[in-house]
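Undergrad: Sharing a structure below in structure tokens format, with a few things to ask.
The values are calculated or read from the model by the stated rules, or taken from the named source; none is laboratory data. Just so it is clear, the structure is predicted and the values come from calculations on it, not from any experiment. Ideal geometry is used to build each Cβ from the backbone, glycine not excepted, and the neighbour counts take in all protein chains shown. Side chains included, ligands, DNA and RNA excluded: accessible areas come from the protein's heavy atoms. Shrake-Rupley method; radii C 1.70, N 1.55, O 1.52, S 1.80 Å.
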Amino acid sequence: MTTKQRWTALIILAASLFVVTMDMTILIMALPDLIREIQPTATQQLWIVDIYSLILAGFIIPMSTLADRWGRKKALLTGFTLFGLVSLLIFFAKSASFVIAIRFLLGIAGALIMPTTLSMIRVIFENPKERATALAVWSIVSSMGAVFGPIIGGALLEQFSWHSAFLINVPFAILAVIAGLFLLPESRVSKSQAHSWDIPSTFLSVAGMIGFVWSIKEISKEGLSELTPWMVIVIAFVMLILFVRRNLSSSEPMLDVRLFNSRAFSAGTIAAFMTMFAMASVLLLVAQWLQVVEGLSPFKAGFYLLPMALGAMVFAPIAPGLAARLGAKIVLPIGIGIAAIGMFVMYFFGHPLTYPTLAVALLLVGAGTASLAVASALIMLETPTSKAGNAAAIEESMYDLGNVFGVAVLGSLASLLYRSYLDIETFSFDGIAGELAQVANESVIGAIEVSKITGFTQLATDAIAAFNDSFVAAALIGGIIMMIIAVIVFFLIPKSLDITKQNHH
């Protein structure tokens, strides 16, 4: 490919990735409207938001193996065709379960698209220096998609109904398919390197991943005393261990787990996973806080998230260069540390939280997470080209799982704290009992609705205060986690590592 063709291909790949990551968060803004119209239960609400990344996480490994064998371009274009067609189905959505089914199918389509974009970059850019730049672009776009999701969602909701959060995918999909047909090269693993399809591995990875994530979500909703999720988590864990063992002992593994032998590779994956973990739930809570506490419209709320995007956009292009000069060992941990400081700002200056404080915090979080471009370079650097799909699948799974776990664990922790701060029992004398108490206890949005119905304003005031305190407490925990990760990553990365030189294993 000529230089021009290579960079044009990168633009298509980056745009396709943007849509998939945008879909993880675009629904955050549409949720209040969607809830009012189709009235899903609290569990259904969680599923509407989560099933997408759940399925994405479960299917990424088998789908990337499929793409490597069948042809990466074919996989990408098929993924997009499915993505566009499924998004159109939202016109017929009258029930929560239908919306969940649509998000399920979008997850399958996304799993075809995401790792393929990453492994194609690995194949198209053979020069390590060009590739480092391409990966930096990839990683900026990946996190930008998640940040801009709520902004785009908000903008759409100013003009259209919540359905538009789905329909926005259609023009993107059409463009990607047309441009991809003409501009992307086909690439697949050569016949000699193509493995036979491993059905047991596929089953173990999908069922293990989905079971694992599902049980985390259930525990977060039902509390620690529920038995079923603990049983599922044990079964899922056993499945994932069997999957790893099967792939370690196989001469043709579906996923090459041996990549983790490299300390730099492990550092990159841990950084990607934990940073997403700490950030995802906080982003979700920030979006809610802006709409509920500050009373902003969805678009304004999205707009108020811009400091984070700004921080990332300024620092992500600089991060690989800094890492080349100072070493990844310094730049990646410092970046994660800066994001952690942003989280601490929310907590220590957040009683009550005001927007200027939040803006500073978001700027720091955005700037810090820009260092994830370095994590991507570490992961891809330590990987031979024939394993590009494998490394891509692992990295994508880390981003996704981090997202899902973050929302499940920290998000549920925040609702747990909200309930304990609110202490709904104290309102029983004011006639807030039974069904009403339950709705108010579910979420701050519910409490505000109940307060409107009953005309009892004190409930809304207390609920907002409780939500504010639970939100900043979740940020504190996120910050502590990120600090610990920064230290671990620092010790994992070899001192001599240079991300501008390709390692040949």
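Undergrad: Just the residues that are in contact with a Leu (Cβ under 8 Å, 6 or more places away or on another chain) and open to solvent by 30 Å² or more (accessible area, probe 1.4 Å), please, taken from region 36-58.
TA: Result: GLN45, single match.
Undergrad: Moving on to the next point. Can you name the condition, by its number, that ALA280 falls short on among (1) modelled with pLDDT under 80; (2) open to solvent by less than 20 Å² (accessible area, probe 1.4 Å); (3) outside any helix (DSSP H, G or I)?
TA: (3)
Undergrad: Is it the case that LEU422 is crowded, with 19+ Cβ neighbours inside 10 Å and either touching a residue at least 24 places away in the same chain (Cβ under 8 Å) or among the hydrophobic types (A, V, I, L, M, F, W, C) (or both)?
TA: yes
Undergrad: Return yes or no: is ILE480 assigned to a helix (DSSP H, G or I), in contact (Cβ under 8 Å) with a residue 60 or more places away in the chain and more than 30 Å from LYS329 (Cβ to Cβ)?
TA: no
Undergrad: Additional query: Does region 492-502 contain at least one residue that is modelled with pLDDT of 80 or more and either within 21 Å of VAL293 (Cα to Cα) or in a helix (DSSP H, G or I) (or both)?
TA: yes
Undergrad: Right, here's the next one. Just to be sure I understand the filter: pairs with C-beta atoms under 8 Å, separated by 6 or more residues or on different chains, first member in region 453-474 and free of Cβ contacts under 8 Å to residues at least 24 places away in the same chain and open to solvent by 50 Å² or more (accessible area, probe 1.4 Å), second member in a helix (DSSP H, G or I) and polar (S, T, N, Q). Which pairs pass?
TA: From region 453-474, the pairs are THR457/SER451.
Undergrad: Looking at ALA165, ALA134 in this structure, which one is open to solvent by less than 10 Å² (accessible area, probe 1.4 Å), closer than 12 Å to ASP23 by Cα and in contact with a Leu (Cβ under 7 Å, 6 or more places away or on another chain)?
TA: ALA165
Undergrad: OK, next. Condition first: surrounded by 22 or more Cβ atoms within 10 Å (Cβ to Cβ), at pLDDT 80 or above, more than 25 Å from the chain's Cα centre (by Cα) and in a loop (DSSP other than H, G, I, E, B). Can you find one or more residues in region 179-190 that meet it?
TA: The answer is yes; a qualifying residue exists.
Undergrad: A follow-up question, please. Restricting attention to region 345-354, report how many residues are of a type in the set (Val, Ile, Thr), open to solvent by less than 50 Å² (accessible area, probe 1.4 Å) and not in a helix (DSSP H, G or I).
TA: 0
Undergrad: Go through (1) in contact with a Ser or Thr (Cβ under 7 Å, 6 or more places away or on another chain); (2) in contact (Cβ under 8 Å) with a residue 40 or more places away in the chain and name the single condition ILE318 misses.
TA: Among (1) in contact with a Ser or Thr (Cβ under 7 Å, 6 or more places away or on another chain); (2) in contact (Cβ under 8 Å) with a residue 40 or more places away in the chain, ILE318 violates only (1).
Undergrad: Here is a follow-up. If I go through region 294-321 residue by residue, how many of them are surrounded by fewer than 20 Cβ atoms within 10 Å (Cβ to Cβ), in a loop (DSSP other than H, G, I, E, B) and hydrophobic (A, V, I, L, M, F, W, C)?
TA: So the answer is 2.
Undergrad: Here's something else I'd like to know. What are the residues in region 322-342 that are under 11 Å from THR369 (Cβ atoms) and open to solvent by 10 Å² or more (accessible area, probe 1.4 Å), if any?
TA: ILE338
Undergrad: Residues ALA132, ALA136, ALA146, ALA109: which one is at pLDDT 80 or above and hydrophobic (A, V, I, L, M, F, W, C)?
TA: Details: ALA132 fails: at pLDDT 80 or above; ALA136 fails: at pLDDT 80 or above; ALA146 fails: at pLDDT 80 or above.
Result of the check over ALA132, ALA136, ALA146, ALA109: ALA109.
Undergrad: Then there is this: Tell me which residues, restricted to region 87-100, are open to solvent by less than 10 Å² (accessible area, probe 1.4 Å) and under 24 Å from ILE174 (Cβ atoms).
TA: SER87, ILE90, ALA93, VAL99
Undergrad: Would you point out which residue out of SER386, SER412, SER443 is touching a Lys or Arg at 6+ places or on another chain (Cβ under 7 Å), touching a residue at least 40 places away in the same chain (Cβ under 8 Å), of a type outside the set (A, V, I, L, M) and surrounded by fewer than 23 Cβ atoms within 10 Å (Cβ to Cβ)?
TA: SER412
Undergrad: Got at least one residue in region 428-440 being at pLDDT 85 or above, more than 30 Å from SER139 (Cβ to Cβ) and open to solvent by less than 40 Å² (accessible area, probe 1.4 Å)?
TA: Yes: region 428-440 contains one or more residues that are at pLDDT 85 or above, more than 30 Å from SER139 (Cβ to Cβ) and open to solvent by less than 40 Å² (accessible area, probe 1.4 Å).
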